[in-house]
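Novice: Supplied in structure tokens, the structure appears directly below.
The values are calculated or read from the model by the stated rules, or taken from the named source; none is laboratory data. Note that this is a predicted model, so its numbers are computed, not measured. Neighbour counts are summed over all protein chains in view; Cβ atoms, including those assigned to glycine, are modelled from backbone coordinates with ideal geometry. Heads up: the accessible areas ignore ligands, DNA and RNA and are worked out on the full protein's heavy atoms, side chains in. Shrake-Rupley method; radii C 1.70, N 1.55, O 1.52, S 1.80 Å.
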Number of protein chains: 2
Amino acid sequence: MYRTHTCGELRATNVNQVVTLAGWVQTIRKFGSITFVDLRDRYGITQLLFGESLISLLDEQPLGREYVIQATGTVVERTNKNPNMLTGDIEIEIQTFAILNKAVTPPFTIQDDTDGGDDLRMKYRYLDLRRNAVKRNLQLRYAVNRSARNYLHENNFMDIETPFLIKSTPEGARDFVVPSRMNPGQFYALPQSPQTFKQLLMVSGYDRYYQVVKCFRDEDLRADRQPEFTQIDCEMSFVAQEDILNMFEGLIKQIFLDVKNIDYNQTIERMTWNDAMLHYGNDKPDIRFEMKVANLKTVFEGETGNAAATSLFENSGFKVFNDAETVLAISVPGCSEYTRKQTDELTEWVKRPQIGMNGLVYIRCNTDGTYKSSVDKFFDESSLKTLADICGAKVGDLILILAGREERTRKATSELRLEMGERLGLRRKDEFKLLWVLDFPLFEYAEDENRWVARHHPFTAPKPDHIPVMIGNDPTINNPAEYLSHPYANIKANAYDMVLNGNEIGGGSIRIYQRELQEKMFDALGMSREEALHKFGFLLGAFEYGAPPHGGIAFGFDRLCAILGGSESIRDFIAFPKNNSGRDTMLDAPGSIDEKQLTELCIQLQPTQ
Amino acid sequence: MYRTHTCGELRATNVNQVVTLAGWVQTIRKFGSITFVDLRDRYGITQLLFGESLISLLDEQPLGREYVIQATGTVVERTNKNPNMLTGDIEIEIQTFAILNKAVTPPFTIQDDTDGGDDLRMKYRYLDLRRNAVKRNLQLRYAVNRSARNYLHENNFMDIETPFLIKSTPEGARDFVVPSRMNPGQFYALPQSPQTFKQLLMVSGYDRYYQVVKCFRDEDLRADRQPEFTQIDCEMSFVAQEDILNMFEGLIKQIFLDVKNIDYNQTIERMTWNDAMLHYGNDKPDIRFEMKVANLKTVFEGETGNAAATSLFENSGFKVFNDAETVLAISVPGCSEYTRKQTDELTEWVKRPQIGMNGLVYIRCNTDGTYKSSVDKFFDESSLKTLADICGAKVGDLILILAGREERTRKATSELRLEMGERLGLRRKDEFKLLWVLDFPLFEYAEDENRWVARHHPFTAPKPDHIPVMIGNDPTINNPAEYLSHPYANIKANAYDMVLNGNEIGGGSIRIYQRELQEKMFDALGMSREEALHKFGFLLGAFEYGAPPHGGIAFGFDRLCAILGGSESIRDFIAFPKNNSGRDTMLDAPGSIDEKQLTELCIQLQPTQ
């Protein structure tokens, strides 16, 4: 044994014990003939005292930062106690020590605020992982993992491993593929999720399944995406939507309790997708703050917006509003006295390419009861007051109005809302607000292919009322311009997303479990009968042998951890993440492989063009 | 909610309650106007009684085997109680029911003893998974998983996920590779184990790591191998071998207790690799029974065997023994009266190509104290007695003797020992005997390449005493014929295998943690400095920044489950296994991929030759 105790456990009650510790040298301080060393391990830091008798030994074997040492000595009470350290009441008077391994100077400082840039820290991730900030993240991740497993276990869920080498069924995201040496010219795919397997397990009667499982998507990486990511993947039989919502509200509340010591005893709000889009411009609204979107004018899902506002626009002569498909507003509390500079800056903000608007109109709801806007030429004060009332604005609010094409304007308004929430400090990292978003459209229309695509995935069931609509209608879109009036456009999915602080942390659905309906779905997606059988014949087959009603959910484990940890970046919560080019710079992977390997796999590289 | 209770929970105390169950129709029996249905779900079976009032409804909606139904009724006490069923005291008098899904006739019977062959059951694995036998296996697997996680958690281990898309470092087994679209011409590899990552985590100070993790090896598949398999992977810092053995004895004992309700309170025996090979012919001996190998003559690791026996052979004129490199014997208890037919059959058994011996010599230690052998021409009775004494044979034993080349003879003797143990019923599936095998050779000699290869893997440390031998000697083998006399041939690894009933269930080692020694290891394996840096530069680098002494172990989770479940086949304990050609016949994977996918990945298939 290299140690009798860890560096986190000794207290005043251990005084006079002879102990051996092992760990990393965090700091070395010399006072005359005495040397103090802070020794660190995973569990904490303990102060070691090297007295006069060890001077010559320390000269022979000088210690350095990050050296790994083993030291034996007696626990003594400190004269200068440190109340900020759990071991701050004691120190160890060292009798003997040994250097277990030396350390060269690290390429960046191993401290909470490091001087290492992203690239350097990734290349030396094993050093970055020593930093408290990163260690706390991984500990939180493990705590979430543990909490979820315990809850699911207590609720009769079974962890069942599903395969990683499966079949490529291009649909949705791109698969990573794996050439098979034993089946030359053929490829496995890595799973994008264990979706079909967990459904088969329900057909097999396993009733409640879970897995904390790696999934893979070969998509172009944006800031917060990883080619491999982890899901908490769950499925249940003999359930309707309500049962699933209840079960997984329980899960998330348990996680809050175990990991954050938060008793999340509020009812979790439920919102339809339509309402989320209308009132927040977004299908994953951050409801930590209000500032709802006022739909002055809109074409969203056949809505028209506010009649009084529309008529005001018509009579105003302000073409920007009158010609716009959509005019949306938010009322920002307490900002009526924004300076011209501030409103100009906001205008620039919405004009940035990421937001893409042409401009911003504002109305000040002054504290003296007057109204003032950037479009006073077109709207008299009474019209401004009318608009303010329609927006539900209060005295002291600054109303921000965006106008343009429906989709872009809605998205921009949502972004602007979040930005203003951020600026006003309404998006507190230590406040957590959960939300279910329900009743998503089952289909989206893919203009380029003139066909329906599944919004969630092709195994999602329509809401019970909408099943007859799906079965009773031909999915063919005869007139692309009028796809919105096709009966399929109004079919809602029996699906649900769990949203936390404006982030989708989980999503799922009640599944189709009848062969006929599943075939209709494939048909609706433009898949031929042959193609459907080739790709999903096993599932269609399974549905014929007694498939129970079932549904499930998958939580994005990386993201869930990040949000619980108060961060936007999932990368900080993954031990060995990849960069935006999908590279592991520490390993220098991916890399080239031998000609021999290629030959064995019966593949070759495409000649460079 | 589709049900108020499961099919496993209703008891006499529930009588008079109105309940709703949902599940699969297991059997249908009609008695006049009454129909009994056994309804099955994951939790059990409950008898449903459909009375006279439901006759017409059952005529309209006839039930069939494996139909999924929902039924509501009143719990009543049975007149004919079934003490073999947990729900056998009650039945449900059904008031209403609904067919949730129909089922066509399954391709094989879903019963403990199915009529389905392997291929059929694999193609319809989702039906096979309904069978009790398979369900029990997966439940046991989950119980082992859960038990291991709990034990490791209580001992401060942290589950940390390591990446799946890593770098190919051909060494040992073949990697599965994954072409990278974003890095054209480059490939990821799937991990054969998280070895280097868990070591880096130790360098990072995580102290105690575990993971239940999929690993991948692209090897030709033998009966009991899968291209993807699961390990319980663990690593600890600041430990010596003894610490690891203690920790993981605790783990396996906990698993026995939790999963098998066995209090394994015996000391776990420890045996050196040398002793295992000498006395059992095998590095993973089944010690549920004795029947040790007598080394009458041998060249194993410089041993010579028994001098008296050798001299007897010299004087016997029996060239088979006298010319043989190795003569090994086992004494099979109580078999002295085997018939000629039986000994002939045993001779045929050892001559099978899998065993590959030329013949078998036997000595009967008759119950009347006389000796009789198949080589009476060469050995008089006193010589036979001498041999029997050397073998430690007792009255009533049948001594079986094999002779030939060292390696083959030893292996054959081991196989014969296991076969005789099996025939005598000494290998009881409900008896469990654990064993540590220690002190493996660090290196093996690869004749074809005239170099050393790592027996375990290149990160395994030599035993502490042997480190100076490794550092102090040049690994070059000048004379291939005399490799055994090279100092490296005698270096023992600081490694350990856990053996259960003759199967290796886990293995690990104390690792090298000094850059210099690791470089020497790569050097010894014939890896150039450049190659070592290219493949493992990150690890060599990590060792310079304060690497603690560490070691670990990995358990073969599939095999562990199989043995605990009393089976030899890991496939029965994997939800969706692959066949011997690495195919998933249910999915029909691997399969071909689109030309578009190939193009995106910048690879092409090799033209067929």
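Novice: Tell me which residues, restricted to region A:523-558, are part of a strand (DSSP E or B) and touching a Gly at 6+ places or on another chain (Cβ under 9 Å). I'd like the intermediate steps shown before the answer.
Specialist: Our first condition is that a residue be part of a strand (DSSP E or B); within region A:523-558, this holds for A:545, A:550-556.
Of everything in region A:523-558, those that are part of a strand (DSSP E or B) and touching a Gly at 6+ places or on another chain (Cβ under 9 Å) turn out to be A:G551, A:G552, A:I553, A:A554, A:F555, A:G556.
Novice: Of the residues that make up region A:456-464, is at least one within 25 Å of A:L533 (Cβ to Cβ), at pLDDT below 95 and touching a Gly at 6+ places or on another chain (Cβ under 8 Å)?
Specialist: yes
Novice: Let me ask something else. Mind counting the residues in region A:268-294 that are among the polar types (S, T, N, Q) and touching a helix residue (DSSP H, G or I) at 6+ places or on another chain (Cβ under 8 Å)?
Specialist: The number of residues fulfilling the criteria is 2.
Novice: List pairs: first residue in region A:585-607 and over 25 Å from B:L539 (Cα atoms), second residue of a type in the set (A, V, I, L, M, F, W, C) and assigned to a loop (DSSP other than H, G, I, E, B) anywhere in the structure, Cβ distance under 9 angstrom, at least six positions apart or on different chains.
Specialist: Matching pairs, first to second residue: A:L601/A:I593; A:L605/B:C602; A:Q606/B:L601; A:Q606/B:C602.
Novice: For residues that are open to solvent by 10 Å² or more (accessible area, probe 1.4 Å), in a loop (DSSP other than H, G, I, E, B) and among the basic types (K, R), tally how many sit in region A:565-603.
Specialist: Adding up the residues that qualify gives 1.
Novice: Restricting to region A:519-528, count the residues that are under 30 Å from B:A98 (Cα atoms) and either open to solvent by 10 Å² or more (accessible area, probe 1.4 Å) or within 12 Å of chain B (Cβ to nearest Cβ) (or both). Steps first, answer last, please.
Specialist: From region A:519-528, those under 30 Å from B:A98 (Cα atoms) are A:519-524; that's our starting set.
After this cut, where a residue has to be either open to solvent by 10 Å² or more (accessible area, probe 1.4 Å) or within 12 Å of chain B (Cβ to nearest Cβ) (or both) as well, the list is A:519-520, A:523.
Total satisfying the criteria: 3.
Novice: I want to confirm something. Restricting to region A:246-256 and keeping residues that are among the hydrophobic types (A, V, I, L, M, F, W, C) and within 17 Å of A:F157 (Cα to Cα), which single residue is nearest to the other protein chains (Cβ to nearest Cβ)? Before the answer, list the steps.
Specialist: The first filter runs over region A:246-256 and keeps only residues among the hydrophobic types (A, V, I, L, M, F, W, C), leaving A:247-248, A:251-252, A:255-256.
Subsequent filtering for residues that are within 17 Å of A:F157 (Cα to Cα) retains A:247-248, A:251-252, A:255.
Working: A:M247: 11, A:F248: 15, A:L251: 17, A:I252: 20, A:I255: 15 Å.
Checked region A:246-256; the qualifying residue nearest to the other protein chains (Cβ to nearest Cβ) is A:M247.
Novice: Moving on to the next point. Take A:T20 and decide whether it is in a loop (DSSP other than H, G, I, E, B), among the β-branched types (V, I, T) and not assigned by TED's automatic domain parsing to the domain that holds A:L138.
Specialist: Answer is no for this residue.
Novice: Right, here's the next one. Going through region B:101-118 one residue at a time, which ones are of a type outside the set (D, E), in contact with a Phe, Trp or Tyr (Cβ under 6 Å, 6 or more places away or on another chain) and more than 7 Å from every other protein chain (Cβ to nearest Cβ)?
Specialist: B:K102, B:P107, B:T114, B:G116 - these are the residues of region B:101-118 that are of a type outside the set (D, E), in contact with a Phe, Trp or Tyr (Cβ under 6 Å, 6 or more places away or on another chain) and more than 7 Å from every other protein chain (Cβ to nearest Cβ).
Novice: Run A:E544 past the list (1) among the charged types (D, E, K, R); (2) in contact with an Asp or Glu (Cβ under 7 Å, 6 or more places away or on another chain); (3) under 30 Å from A:K463 (Cβ atoms); (4) within 12 Å of chain B (Cβ to nearest Cβ) and report the number of the one that doesn't hold.
Specialist: (2)
Novice: Every residue in region A:84-140 that is among the aliphatic types (A, V, I, L, M) and outside any helix (DSSP H, G or I), please.
Specialist: First, the residues of region A:84-140 that are among the aliphatic types (A, V, I, L, M): A:85-86, A:90, A:92, A:94, A:98-100, A:103-104, A:110, A:120, A:122, A:127, A:129, A:133-134, A:138, A:140.
Answer for region A:84-140, where residues must be among the aliphatic types (A, V, I, L, M) and outside any helix (DSSP H, G or I): A:M85, A:L86, A:I90, A:I92, A:I94, A:A98, A:I99, A:L100, A:A103, A:V104, A:I110, A:L129.
Novice: Cβ-Cβ distance below 7 Å, separation of 6 or more or different chains: which pairs start in region B:175-187 with a residue that is farther than 14 Å from B:L598 by Cβ and end on one that is part of a loop (DSSP other than H, G, I, E, B) and among the acidic types (D, E)?
Specialist: B:D175/B:D218; B:F176/B:D218
Novice: With respect to B:E269, determine if the residue is in contact (Cβ under 8 Å) with a residue 60 or more places away in the chain and surrounded by fewer than 18 Cβ atoms within 10 Å (Cβ to Cβ).
Specialist: On the way: in contact (Cβ under 8 Å) with a residue 60 or more places away in the chain: yes; surrounded by fewer than 18 Cβ atoms within 10 Å (Cβ to Cβ): yes.
Yes, satisfied.
Novice: Let me ask something else. Give just the number: which of (1) under 20 Å from B:P194 (Cβ atoms); (2) modelled with pLDDT of 95 or more; (3) open to solvent by 10 Å² or more (accessible area, probe 1.4 Å); (4) out of contact with any His (no Cβ under 8 Å at 6 or more places or on another chain) does B:Y513 not satisfy?
Specialist: (4)
Novice: Now for a different question. Those residues that are of a type in the set (F, W, Y) and away from chain B (no Cβ under 14 Å), I need them from region A:39-79; list them, please.
Specialist: In the first step, residues of region A:39-79 are kept if they are of a type in the set (F, W, Y); the result is A:43, A:50, A:67.
The answer is A:F50, and nothing else.
Novice: Right, here's the next one. Against the definition (out of contact with any Cys (no Cβ under 8 Å at 6 or more places or on another chain) and open to solvent by 50 Å² or more (accessible area, probe 1.4 Å)), how does A:R417 come out, yes or no? Lay out the reasoning, then the answer.
Specialist: Working: out of contact with any Cys (no Cβ under 8 Å at 6 or more places or on another chain): yes; open to solvent by 50 Å² or more (accessible area, probe 1.4 Å): no.
Answer is no for this residue.
Novice: Could you tell me whether any residue of region B:319-326 is open to solvent by 80 Å² or more (accessible area, probe 1.4 Å), touching a residue at least 40 places away in the same chain (Cβ under 8 Å) and not polar (S, T, N, Q)?
Specialist: Step one: of region B:319-326, the residues open to solvent by 80 Å² or more (accessible area, probe 1.4 Å) are B:319-320, B:323.
Still in the running and touching a residue at least 40 places away in the same chain (Cβ under 8 Å): B:320.
Now drop any that are not not polar (S, T, N, Q), which leaves B:320.
Scanning region B:319-326 turns up at least one residue that is open to solvent by 80 Å² or more (accessible area, probe 1.4 Å), touching a residue at least 40 places away in the same chain (Cβ under 8 Å) and not polar (S, T, N, Q).
Novice: Looking only at region A:201-217, decide whether some residue is within 8 Å of chain B (Cβ to nearest Cβ) and at pLDDT below 95.
Specialist: Checked against the condition, which is being within 8 Å of chain B (Cβ to nearest Cβ) and at pLDDT below 95, region A:201-217 yields no hits at all.
Novice: Here's a check for you: in region B:218-245, which residue that is assigned to a loop (DSSP other than H, G, I, E, B), in contact with an Asp or Glu (Cβ under 9 Å, 6 or more places away or on another chain) and within 10 Å of chain A (Cβ to nearest Cβ) is farthest from B:D558 (Cα to Cα)? Full working, then the answer.
Specialist: Of the residues in region B:218-245, the ones assigned to a loop (DSSP other than H, G, I, E, B) are B:218-227, B:238-240.
Right, trim to in contact with an Asp or Glu (Cβ under 9 Å, 6 or more places away or on another chain) and you get B:218, B:223-227, B:238.
Those still in the list that are within 10 Å of chain A (Cβ to nearest Cβ) too: B:218, B:226-227, B:238.
Values: B:D218: 17, B:Q226: 10, B:P227: 12, B:F238: 29 Å.
In this case the residue turns out to be B:F238.
Novice: What number of residues in region B:54-82 are in a strand (DSSP E or B) and farther than 12 Å from B:L100 by Cα?
Specialist: Just the residues of region B:54-82 that are in a strand (DSSP E or B), to begin with: B:68-77.
Still in the list and also farther than 12 Å from B:L100 by Cα: B:72-77.
Counting residues in region B:54-82 that are in a strand (DSSP E or B) and farther than 12 Å from B:L100 by Cα gives 6.
Novice: Look through B:E77, B:E52 and report the one residue that is in contact with a helix residue (DSSP H, G or I) (Cβ under 9 Å, 6 or more places away or on another chain) and farther than 21 Å from A:F238 by Cα.
Specialist: On the way: B:E52 fails: in contact with a helix residue (DSSP H, G or I) (Cβ under 9 Å, 6 or more places away or on another chain).
That would be B:E77, the only listed residue that is in contact with a helix residue (DSSP H, G or I) (Cβ under 9 Å, 6 or more places away or on another chain) and farther than 21 Å from A:F238 by Cα.
Novice: Considering only residues that are within 11 Å of chain B (Cβ to nearest Cβ), open to solvent by less than 50 Å² (accessible area, probe 1.4 Å) and farther than 20 Å from A:D558 by Cα, which ones fall in region A:125-156?
Specialist: Within region A:125-156, A:L127 is the sole residue that qualifies.
Novice: Determine the pairs where a residue that is within 14 Å of chain B (Cβ to nearest Cβ), located within region A:13-24, has a partner that is open to solvent by 70 Å² or more (accessible area, probe 1.4 Å) and outside any strand (DSSP E or B) with Cβ atoms under 9 Å apart, the partner being 6 or more residues away or on another chain.
Specialist: A:V19/A:T4; A:T20/A:M1; A:T20/A:T4; A:L21/A:T4; A:W24/A:R65
Novice: Now a separate question. Can you tell me how many residues in region B:567-599 are β-branched (V, I, T) and touching a Leu at 6+ places or on another chain (Cβ under 6 Å)? Step through it out loud before you land on a result.
Specialist: From region B:567-599, those β-branched (V, I, T) are B:570, B:574, B:585, B:593, B:599; that's our starting set.
Now restrict to residues that are touching a Leu at 6+ places or on another chain (Cβ under 6 Å): none.
Residues meeting the conditions: 0.
Novice: Among the residues that make up region B:157-169, is at least one of them crowded, with 19+ Cβ neighbours inside 10 Å and more than 7 Å from chain A (Cβ to nearest Cβ)? Walk me through it before giving the result.
Specialist: Our first condition is that a residue be crowded, with 19+ Cβ neighbours inside 10 Å; within region B:157-169, this holds for B:157-168.
This time we only want the ones that are more than 7 Å from chain A (Cβ to nearest Cβ), so: B:157.
Yes, region B:157-169 contains a residue that is crowded, with 19+ Cβ neighbours inside 10 Å and more than 7 Å from chain A (Cβ to nearest Cβ).
Novice: Answer yes or no as to whether B:Y483 is touching a strand residue (DSSP E or B) at 6+ places or on another chain (Cβ under 7 Å), assigned to a helix (DSSP H, G or I) and without any contact (Cβ under 8 Å) to a residue 60 or more places away in the chain. Write out each step before concluding.
Specialist: Values: touching a strand residue (DSSP E or B) at 6+ places or on another chain (Cβ under 7 Å): yes; assigned to a helix (DSSP H, G or I): yes; without any contact (Cβ under 8 Å) to a residue 60 or more places away in the chain: yes.
It is true that B:Y483 is touching a strand residue (DSSP E or B) at 6+ places or on another chain (Cβ under 7 Å), assigned to a helix (DSSP H, G or I) and without any contact (Cβ under 8 Å) to a residue 60 or more places away in the chain.
Novice: Of the residues that sit in region A:185-200 and are within 8 Å of chain B (Cβ to nearest Cβ) and open to solvent by 10 Å² or more (accessible area, probe 1.4 Å), which one is nearest to B:G23 (Cα to Cα)?
Specialist: Applying the first criterion (within 8 Å of chain B (Cβ to nearest Cβ)) to region A:185-200 yields A:185-190, A:197, A:200.
Adding the requirement that they be open to solvent by 10 Å² or more (accessible area, probe 1.4 Å) leaves A:185-186.
Details: A:G185: 43, A:Q186: 39 Å.
Filtering region A:185-200 for residues that are within 8 Å of chain B (Cβ to nearest Cβ) and open to solvent by 10 Å² or more (accessible area, probe 1.4 Å), the one nearest to B:G23 (Cα to Cα) comes out as A:Q186.
Novice: Any residue at all in region A:362-383 that is among the small types (G, A, S), out of contact with any Lys or Arg (no Cβ under 8 Å at 6 or more places or on another chain), assigned by TED's automatic domain parsing to the domain that holds A:V320 and open to solvent by less than 30 Å² (accessible area, probe 1.4 Å)? Please lay out each step first, then the result.
Specialist: Quick first cut of region A:362-383, residues among the small types (G, A, S) only: A:369, A:373-374, A:382-383.
Subset that is out of contact with any Lys or Arg (no Cβ under 8 Å at 6 or more places or on another chain): A:369, A:374, A:382-383.
Pick out the ones that are also assigned by TED's automatic domain parsing to the domain that holds A:V320 and you get A:369, A:374, A:382-383.
Going one step further and asking which of them are open to solvent by less than 30 Å² (accessible area, probe 1.4 Å), we end up with A:383.
Yes: region A:362-383 contains one or more residues that are among the small types (G, A, S), out of contact with any Lys or Arg (no Cβ under 8 Å at 6 or more places or on another chain), assigned by TED's automatic domain parsing to the domain that holds A:V320 and open to solvent by less than 30 Å² (accessible area, probe 1.4 Å).
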